[in-house]
Amino acid sequence: MKKALFLIGVLLLASCSGKPAQMLPSSQSSVIDWVDFVNWNDTTYTANYETNEMDKVWKTERVLGEVTYTLDGHAGANHTSKNGDAAYLPKGTKLYEIKGYDPAFRILANDKIYEVSEAGKAEKVEDFLDIEGKVNRVILQSEEDLSFIGEFSEVHTKEFIDELLLLPYEEAGRTTEGKRVFFGIELTDGSMTRSLYWPETGYINYGTTASERLKEIFEAEMKALNY
């Protein structure tokens, strides 16, 4: 499994669809601020800060596993993460399946939602992004402060989700260049999964590349909302 994601000195945008930004450590730095993540079943989950601010009580199903190693205070920047590792969760913390969600997408630990950021063995986005039939709206957000800019039309929302879920998951070959478009998918329970889109390369931060139709939808909505 990949080396654990981390930040040094400052924490950048904490969660985009649960996926953290990262900054390489300075050779002068000895302090590591780990991204709040946990690894289980060959999948990396990152704390969904926006959803956790809802202070919602989530119903749980079975226990999936538990934390076996806490990186904070124990591991160095070159630590290679494995199943059972967590940045801050104490050893022995139980990992729960959340009622109504596939654990490939979200799990619960220490009363917090952790959302997939590295999907392991997934072949398509639908294999881990458990949102079908749960979407309230798709929104565009400000690059500066993630404030609300506007929402997709109802027709585009349905087509966007249908198209997104069928795209292949590509763990390698991610190209993030040029302008970034911040967007969120608001679910019917009020929670949000957020992501990024790079028009120049077509890359979407769910580990996939937009189809031509998805690019057209993005372009139409960005134009309509003056993004």
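The values are calculated or read from the model by the stated rules, or taken from the named source; none is laboratory data. The structure displayed is predicted, hence computed values, not measured ones. Because the Cβ atoms are built from the backbone with ideal geometry, glycine has one as well, and the counts that use them run over all protein chains shown. The accessibility values were calculated without ligands, DNA or RNA, using every heavy atom of the protein model including side chains. Shrake-Rupley method; radii C 1.70, N 1.55, O 1.52, S 1.80 Å.
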Return the total of residues in the range 95-148 being more than 25 Å from V57 (Cα to Cα), in contact with a Ser or Thr (Cβ under 6 Å, 6 or more places away or on another chain) and modelled with pLDDT of 95 or more. 1
Which residue is farthest from V116 (Cα to Cα), if the candidates are limited to the range 184-227 and must be loosely packed, with under 14 Cβ neighbours inside 10 Å and either aliphatic (A, V, I, L, M) or touching a His at 6+ places or on another chain (Cβ under 8 Å) (or both)? A224
Out of the range 83-94, which residues are on the phi < 0 side of the Ramachandran plot and either part of a loop (DSSP other than H, G, I, E, B) or modelled with pLDDT under 95 (or both)? N83, A87, Y88, L89, P90, K91, T93
The correct count of residues that are open to solvent by less than 50 Å² (accessible area, probe 1.4 Å), of a type in the set (A, V, I, L, M, F, W, C) and over 19 Å from E200 (Cβ atoms) in the range 139-163 is 5
Subset tally (residues that are surrounded by fewer than 21 Cβ atoms within 10 Å (Cβ to Cβ) and closer than 10 Å to W40 by Cα) for the range 69-112: 4
Quick check on my filter: what residues within the range 159-182 are in a loop (DSSP other than H, G, I, E, B), touching a residue at least 24 places away in the same chain (Cβ under 8 Å) and not aromatic (F, W, Y)? L166, L167, E170, E171, R174, T175, T176, E177, R180
Go over the candidates K179, K134 one by one and state the one that is under 25 Å from G100 (Cα atoms), open to solvent by 10 Å² or more (accessible area, probe 1.4 Å) and of a type outside the set (V, I, T). K134
